[in-house]
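Nothing in this text is a laboratory measurement; each read-out follows from the coordinates by a stated rule. Predicted model, so just to flag it, every value in this text is computed and none were measured. Don't worry about glycine lacking a Cβ; one is built from the backbone with ideal geometry, like all the others, and counts go over all protein chains shown.
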Amino acid sequence: MRKKRKTRVGGTRARRSKPAVAEQSGFGLIEVLVATTVATIGLLSVAGLQLSIATQARIASWRTSQALAAQEVFERINEAGYAAAASGADSATVDGRVYRVNVAVTTPIVRVKQVTATVAAVGGVSARSFVTRIHDRRPVPAAP
């Protein structure tokens, strides 16, 4: 004969009840909310990255145009020659946009002029400086 085990509930064995919910199928509300939140954060991150890329591309385009404007002014000064290089204001047009160029000429070394061009878009606030040197190509005068 079997001995009955004592349990906390009155002396007989307690019956095991079936789980209240049988096997679950599908997704729960919390899982859907978490997945939606993760997807939203990912999409917002991609949108922010795309905006940053567009901004950096626009800045790179402006800087390239400023460099081309400075190059145009440097070529004009170089064509005019060493003696004609002087400080002043100039302008250059690149891709239909007008840039104002302030030119400063110094002579750091004998027979060398340093030309600094500060380029800014007309109506723009950002200015960049570019530097080149022009050498006097005339023959050196004979010593007395």
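Below are the figures for this structure:
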read-out	value
Residue order, fewest to most beta carbons within 10 Å, for Phe130, Phe27, Phe74	Phe27, Phe130, Phe74
Rough spin-label spacing in nm, given labels placed 7 Å along Cα→Cβ, for Thr116 and Thr55	3.0
Net +/- balance of residues flanking His135 in space, Cβ distance below 14 Å, scoring K and R +1, D and E -1	+4
Amide N proximity, region 94-117 versus Ala84 label position 7 Å along Cα-to-Cβ, cut-off under 19 Å	101-106, 112-117
Under the Karplus curve 6.51 cos²θ - 1.76 cosθ + 1.60, θ = phi - 60°, whole-Hz ³J(HN,Hα) for region 85-97, x wherever Gly or Pro sits	5, 8, 6, x, 10, 9, 9, 8, 10, 10, 6, x, 10
Contour excess over end-to-end distance, with Cα ends at Val32 and Ala143 and 0.36 nm allotted per residue	30.9 nm
Residues Arg137, Arg97 arranged by fewest to most Cβ contacts within 10 Å	Arg137, Arg97
HN-Hα J in Hz across region 60-66 - Karplus 6.51, -1.76, 1.60, θ = phi - 60°, x for Gly and Pro	4, 5, 4, 5, 5, 5, 5
